[in-house]
1. Say R0 is 25 Å: what FRET efficiency, to the nearest 0.05, do LEU82 and ALA345 get from their beta-carbon distance?
2. Suppose all protein chains stay in the model; what accessible area per residue would a 1.4 Å probe give for the range 232-331, in Å²?
3. Between ASN296 and ASN55, what length in nm is gained on full extension when 0.36 nm per residue of separation is reduced by their alpha carbon distance?
4. Only one of the listed values, (1) 127; (2) 255; (3) 145, was derived from the coordinates as volume of the Cα convex hull per residue in Å³; which label is it?
5. Assuming R0 = 56 Å, can you tell me the calculated FRET efficiency for the pair PHE4 and THR253, based on Cβ-Cβ distance, to the nearest 0.05?
6. Rounded to the nearest 20 Debye, what is the dipole magnitude of the range 255-333 about its Cα centre when Lys and Arg each give +1 and Asp and Glu each give -1 at the C-beta?
7. To the nearest 20 debye, what charge dipole does the range 1-110 have about its Cα centre, counting +1 at the Cβ of each Lys and Arg and -1 at the Cβ of each Asp and Glu?
8. Among TRP18, LEU106, GLN74, which residue has its Cα furthest toward the positive end of the charge dipole of the range 1-130, with +1 on Lys/Arg Cβ and -1 on Asp/Glu Cβ?
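The values are calculated or read from the model by the stated rules, or taken from the named source; none is laboratory data. What you see is a predicted model, and the numbers here were worked out from it, not measured in a lab. Glycine gets a Cβ as well: all are built from the backbone with ideal geometry, and neighbour counts include every protein chain shown. These area figures cover heavy atoms from the full protein model, side chains too; ligands, DNA and RNA do not enter into them. Shrake-Rupley method; radii C 1.70, N 1.55, O 1.52, S 1.80 Å.
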Amino acid sequence: INFFGNIFRYRLNRKEKWPVLMFHLSFIFILIGAGITRYIGYEGLMLIDEGETTNKFLSETTYLNFVVDDNKDQLTKNEPILLSAWGSNSWEYKSKFRDKDYSIKLAEYIPWAEEKMVLDENGTEHLFLVESSEGSRHEHYIKKGTIQNIHGVLVGFEADNENASINFINKNDELKMISNADGDWLRMADKTRGKVLKDSLQAFNYLSLHNVGGLQFVIPRPAEKGNLQTVRGPKDDKKFDLLKLDVTVGNKTKQLEVSGGKFNYEGSKTVSVDGLNFRILYGSKLLETPFEIKLNDFQLETYPGSESAAAYASEITVIDPEETFDYRIFMNHILDHKGYKFFQASYDLSGEKEQTHLSVNHDFGGTFVTYVGYS
């Protein structure tokens, strides 16, 4: 407003003032371009398995995505939600569905949520298991009488032997193990090794690295009595946050816990309140491009003698109704097509197929107006 007003205040439209007029106009264009970028442009992440084709990508903005229905009709909503790990947070959404007032309100926000055992003599026995996969450590608490699916391996504690791939049993105050696959173990303190025999109940060795059925794990101590509580953990972008939400219909309220965060698109939770059903997901919204991208080949180069990535690239095909062409995306070599820019962001090799992660930016209007200002 200040730059624009001074054009008339100082009569900058006169020929001798044109250089100053251009200076003012350049800032006006840059500020307008910034506004377009902020309120109209958007970014996201496209995940493509090798050989697959897609036009969908995940929004960088985090939403509370929910579907509300009354078993006849349904309504889908995507409400932006931005929460801070420092300080307090306040968020609430109110609306009406088929003449019923409803609201979803944030009750508690737990960033980088993790489960911790709080010891209690009156609690339930839990077995603490630590396993490593995808190059990182994961902790699991297996409740007595239950089975957990740990990376495709069913692990039970005092559970039905027929259902669990690996089952732990307390017998005469001694932990024993039975599995449906052969394996081995290594006690790290003295380098003692041993075998795990299939379908054989045998004594378990604490603080020993076991490799059974493709699962590598350690159990450091006997089972303990207590209760699991979700608490705030140390900062870790790979961990999801936990939202405790109060879902209210009329004068009835139920609380729902939803886990998620940036670029999450799984793990929706459901709750029914006074005749309305809610399915809620905390994470990204699914966006689409007007064309498709096929990943023909993902290429990874590592430093000699290590698994650290030196360079990686995606050989892709852009499938557009108007034109189809091949392109190679790698560091500092972006694809710019119809106002969408694709950057090589990262990758994932943990699945059955190699997967590329392309950062997507759509901001043609804001970029164009800003560059006019620069010019």
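1. Approximately 0.70, to the nearest 0.05.
2. Ligands and nucleic acids excluded, the result is 58 Å² per residue.
3. 85.3 nm is the gain from fully extending ASN296 to ASN55.
4. (2)
5. 0.65
6. The dipole magnitude comes to about 460 debye.
7. It works out to roughly 1140 debye.
8. Highest projection toward the positive end goes to TRP18.
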